[in-house]
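Read the structure below first, then the notes.
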Amino acid sequence: MAERRHGAAPSTDSEVRHADWACDDISGQEHARVAFHDVDLTEVLDQGASFTECVFSDCRFNASTHTDAAFVNCAFTNCSFFDATFTGCKLVGSAFDRCTFGLLKVTGGDWSFVGLPGADLRRSRFVGTRMRECDLTAAKCADATLTHVDLAGALLHRTDLTRADLRGSDLSTLDPLAATLRGAVIDPDQAATVAEALGLDVRPALPPP
């Protein structure tokens, strides 16, 4: 199910409601097909926990820290991730709807096939993350850091990348006429890619006469 995108939320077999896990250490826990409703995960410490085909609604992940954890084919609705940190985590196939992400920090990991359409990712930070075929349609990424990110096949239609730092990232599927790029920071190789996407013929400089 890694390629699930925009489909119905996973079916669940059990649920956790109105739980207070704030500041808990959930490292190593394993959950599959569980529905979490109104669970407070603020400042949780998570080293290697695994959530598979789980549903999170109205949950708070603020200031939580996740390292080498997995949230595979999960659905997040109306959840908050303010100042949350994900390092080396796997979120393949997960989808986010009406979530908030202020100051989200992601380093490494695999976020391929993740659904983030319309997400407000302003000032969020993604570094060295695999985001192949991630849906960022109409996402707000102004002032975000997206460096050395694998965006091959990503959906970037109407994505706002104003002043975003994109250096080192794969922009091969970016249509510069279908996204907002004002003030975005790119490197010379990316500049050639963008120019070619605009139909320009990029060639080596001519020697002086």
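Within the range 109-128, at least one residue is assigned to a loop (DSSP other than H, G, I, E, B), in the same structural domain as residue 165 (by TED's automatic domain parsing) and of a type in the set (Phe, Trp, Tyr). Taking each residue of the range 53-78 that is hydrophobic (A, V, I, L, M, F, W, C) and looking for partners that are at pLDDT below 95 and buried (at least 19 other Cβ atoms within 10 Å of the Cβ) with beta-carbon atoms closer than 8 Å, six or more apart or interchain, yields 54/10; 55/9; 55/10; 74/10; 75/9; 75/10. Taking the range 92-132 as the range and being without any contact (Cβ under 8 Å) to a residue 60 or more places away in the chain, closer than 22 Å to residue 77 by Cβ and polar (S, T, N, Q) as the test, the residues that pass are 94, 100, 124. Only one entry of 96, 82 meets the criterion of being within 27 Å of residue 147 (Cα to Cα) and in a strand (DSSP E or B), and that entry is 96. For residue 28, indicate whether it is more than 18 Å from residue 124 (Cα to Cα), in contact with a strand residue (DSSP E or B) (Cβ under 9 Å, 6 or more places away or on another chain), of a type outside the set (A, V, I, L, M, F, W, C) and crowded, with 23+ Cβ neighbours inside 10 Å. For residue 28, the condition - more than 18 Å from residue 124 (Cα to Cα), in contact with a strand residue (DSSP E or B) (Cβ under 9 Å, 6 or more places away or on another chain), of a type outside the set (A, V, I, L, M, F, W, C) and crowded, with 23+ Cβ neighbours inside 10 Å - is not met.
Of the set (1) more than 21 Å from residue 104 (Cα to Cα); (2) in contact (Cβ under 8 Å) with a residue 24 or more places away in the chain; (3) not basic (Lys, Arg), all apply to residue 135 but (1).
The values are calculated or read from the model by the stated rules, or taken from the named source; none is laboratory data. These numbers come from a predicted model, not from an experiment. Here the Cβ is made from the backbone with ideal geometry for all residues, glycine too, and neighbour counts use every protein chain on show.
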